[in-house]
Structure formats: structure tokens, C-alpha cells
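Peer 1: Following this message is one structure expressed as C-alpha cells.
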Amino acid sequence: MNPFAAASDAMKLAASLLGLVLLAGAVWWLSTFATAKSALKEIKATDARITRANKTSDAAAKARDTVADAAAALTQQQAEALAKDLNEDPNFDDARRVDYLRLLNDALRGAQR
């Protein structure tokens, strides 16, 4: 038994168009999965590139920090040694005073960073 046998031609056309629209909608909906899959693949690749770049920059930053910390520690040690000399020797000559002030300035600038 055909449900469209008793329907008019206009009704058959409307039902066919509705079916075609529904079929086109279903095909479009299924195609979004393929598009989403390729977009997800690109997002994952971009995340991997960003992760690699972050690891590289983190390693470089750690190396810079290590060098800066070592320089600050050395400057601090030299300033402390010169300060000890200043306290022990009342005849602190100008050259040693300049060295002390330069090292103290460097130590203070290192502490501000």
C-alpha cells in the first residue's frame, strides 16, 4: 500500500521537496564531522608546536637566570669583601673605594631585577 497513491501531485511534490531538504540537512550535518576532525587535527598540531616553542624558551630563560644569579652572587661576594676591607682599614684608598661603590651599585641593581 503506497501512502502517496491518494495524495495530489502538489502534496507529492511538497513531500519530495521536504525529503530532499531533510536529506541535504543530514548530509551537511555529517560533513561537519569531517571538517571538525581536520580542524581538531590542525589544533593539535598547533598545540604541539607551541609546546615545543615553550620548552625551548623556558630552557633559554633558565640559562639566562642561572647566569644572572651567578653574576649577582659574585658581585655580592666581592662587595662584601670590599666592605669588610673598608671596615678594617681606615686608610681605604680611592681606587678601592671606587671598586667598592661600583660593586655595590651592581649588587643593588641586581637586587632590583
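Each value in this text was obtained by applying a stated rule to the coordinates, not by laboratory testing. Quantities reported herein were computed from a predicted structural model and do not represent experimental measurements.
Peer 1: Which angle between 0 and 90 degrees, to the nearest 10, do you get for helix 94-112 versus the longest principal axis of the chain when only C-alpha atoms count?
Peer 2: 20 degrees
Peer 1: What are the ³J(HN,Hα) values, in whole Hz, obtained from phi via the Karplus relation 6.51 cos²θ - 1.76 cosθ + 1.60 with θ = phi - 60°, for each residue of the stretch 68-79 in sequence order, with x given for Gly and Pro?
Peer 2: So the Karplus estimates, Gly and Pro as x, are 5, 5, 5, 5, 5, 5, 5, 4, 5, 5, 5, 5 Hz.
Peer 1: Now a separate question. With springs only between Cα atoms under 10 Å apart, run a GNM on the chain and tell me which of Leu13, Leu40, Leu74 wobbles the most.
Peer 2: Maximum among the listed residues: Leu13.
Peer 1: Straight-line reach from Lys44: which lysines fall under 24 Å, measuring Cα to Cα and dropping same-chain residues less than 8 apart?
Peer 2: Output for Lys44: Lys55.
Peer 1: May I ask for log10 I(q)/I(0) of the chain at q = 0.09, 0.18, 0.19 Å⁻¹, from a Debye sum over the Cα atoms as equal point scatterers with solvent left out?
Peer 2: Taken in order of the listed q values, log10 I(q)/I(0) reads -0.60, -0.97, -1.01.
Peer 1: A follow-up question, please. Given the stretch 33-93 reduced to its alpha-carbon atoms as identical point scatterers, what log10 I(q)/I(0) does the Debye formula return at q = 0.28, 0.30 Å⁻¹?
Peer 2: Each listed q maps to, in turn, -1.02, -1.06.
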